[in-house]
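This is the structure I have questions about; it appears just below.
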Amino acid sequence: MDRVQRSATGPQLEDQSPGPLTQDAVQQLIQRAQEAKQRAYCPYSGFRVGAALLTRDDRVVTGCNVENACYNLGVCAERNAIAKAVSQGCRSFRAIAVASDLEQQFISPCGGCRQFIREFGSNWDVYLSKPDGSYLKMSVDELLPVSFGPEDLSMKKWFTHEDKA
């Protein structure tokens, strides 16, 4: 995990390299997550969350949490952003930044979002942030160790005769 504080100069140009994100690109991604948080629909919990997802072709797709009176039908910001990206034809991602109003700790994706993020690979970056722009960088592998993913479905399985019936 890498912990980095906000730069004094703030975000400038978008990152164009296929490698690790520049400090400015990370700050831009966190800023977009903070902006998405402003659009959250959370009349029940009052807990706003925004996410900004960076695709492999450097597009940014944002999402926010959307609550529902039937609580379990709400949608988290991370899943919202990923679903929007997939609906736009993107299935390969470089990074996702998550933002909330928590000041004392970094916001972290819930368990369901961790598994949803993992569906699209285990080796990309997740930036957990605070409102002041500081963040904690983790990989999907660090966020969800020993995970189950799509590749596990194609692994050899053992069945008994009774299982096949």
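Looking only at residues that are of a type in the set (S, T, N, Q) and assigned to a helix (DSSP H, G or I) in region 114-165, which one is modelled with the highest pLDDT?
To start, the set of residues in region 114-165 that are of a type in the set (S, T, N, Q) comprises 115, 122-123, 129, 134, 139, 147, 154, 160.
Those still in the list that are assigned to a helix (DSSP H, G or I) too: 115, 154.
Values: 115: 97, 154: 89.
My answer is 115.
So which residues in region 98-138 are among the polar types (S, T, N, Q) and exposed (fewer than 15 other Cβ atoms within 10 Å of the Cβ), if there are any at all?
Looking only at region 98-138, we keep the residues that are among the polar types (S, T, N, Q), and these are 100, 104-105, 108, 115, 122-123, 129, 134.
Answer for region 98-138, where residues must be among the polar types (S, T, N, Q) and exposed (fewer than 15 other Cβ atoms within 10 Å of the Cβ): 104, 105, 123, 134.
Looking only at region 88-97, count every residue that is surrounded by fewer than 14 Cβ atoms within 10 Å (Cβ to Cβ) and either in contact with an Asp or Glu (Cβ under 7 Å, 6 or more places away or on another chain) or closer than 16 Å to residue 62 by Cβ (or both) and tell me the total. So that I can check it myself, show each step before the final result.
Going through region 88-97, the residues surrounded by fewer than 14 Cβ atoms within 10 Å (Cβ to Cβ) turn out to be 88-89, 91-92.
If we keep only those that are either in contact with an Asp or Glu (Cβ under 7 Å, 6 or more places away or on another chain) or closer than 16 Å to residue 62 by Cβ (or both) as well, we get 88.
Number of matching residues: 1.
Taking the stated definitions as given, is residue 108 in contact with a strand residue (DSSP E or B) (Cβ under 9 Å, 6 or more places away or on another chain), polar (S, T, N, Q) and at negative phi?
Considered against the rule, which asks whether it is in contact with a strand residue (DSSP E or B) (Cβ under 9 Å, 6 or more places away or on another chain), polar (S, T, N, Q) and at negative phi, residue 108 comes out as yes.
While we're here: Would you confirm whether any residue within region 76-87 is at pLDDT 95 or above, surrounded by 14 or more Cβ atoms within 10 Å (Cβ to Cβ), part of a loop (DSSP other than H, G, I, E, B) and over 13 Å from the mean Cα position of the chain (by Cα)?
No: zero hits.
Still on this model: Name the residues in region 49-75 that are surrounded by fewer than 21 Cβ atoms within 10 Å (Cβ to Cβ), part of a loop (DSSP other than H, G, I, E, B) and either of a type in the set (Lys, Arg) or under 13 Å from the mean Cα position of the chain (by Cα) (or both), would you?
56, 59
In region 88-103, what residues are touching a residue at least 24 places away in the same chain (Cβ under 8 Å) and in a loop (DSSP other than H, G, I, E, B)?
Kept after step one, since they are touching a residue at least 24 places away in the same chain (Cβ under 8 Å), are these residues of region 88-103: 88, 90-103.
Selection gives 88, 90, 91, 92, 101, 102, 103.
Could we say that residue 151 is farther than 25 Å from residue 38 by Cα and touching a residue at least 40 places away in the same chain (Cβ under 8 Å) here?
Details: farther than 25 Å from residue 38 by Cα: yes; touching a residue at least 40 places away in the same chain (Cβ under 8 Å): no.
No; evaluated as a whole, the condition is false for this residue.
Give me the residue from region 17-46 that is of a type in the set (Lys, Arg) and not in a loop (DSSP other than H, G, I, E, B) and, out of that set, surrounded by the most Cβ atoms within 10 Å (Cβ to Cβ). First the steps, then the outcome.
So in region 17-46, the residues of a type in the set (Lys, Arg) come out as 32, 37, 39.
Within this subset, residues satisfying the condition of being not in a loop (DSSP other than H, G, I, E, B) are 32, 37.
Working: 32: 22, 37: 26.
Ranking the candidates gives 37 first.
Now for a different question. For region 95-108, how many residues are closer than 18 Å to residue 21 by Cβ and under 10 Å from the mean Cα position of the chain (by Cα)?
Here is the first cut: in region 95-108, the ones closer than 18 Å to residue 21 by Cβ are 95-99, 106.
If we keep only those that are under 10 Å from the mean Cα position of the chain (by Cα) too, we end up with 95-99.
Residues flagged as closer than 18 Å to residue 21 by Cβ and under 10 Å from the mean Cα position of the chain (by Cα) within region 95-108 amount to 5.
For residue 136, indicate whether it is under 18 Å from residue 33 (Cα atoms) and among the hydrophobic types (A, V, I, L, M, F, W, C). I'd like the intermediate steps shown before the answer.
Numbers: under 18 Å from residue 33 (Cα atoms): yes; among the hydrophobic types (A, V, I, L, M, F, W, C): yes.
Answer is yes for this residue.
The values are calculated or read from the model by the stated rules, or taken from the named source; none is laboratory data. As the structure is a prediction and not an experimental result, all values here were calculated from the model. With ideal geometry, Cβ positions are generated from the backbone for all residues, glycine too; neighbour counts draw on all protein chains shown.
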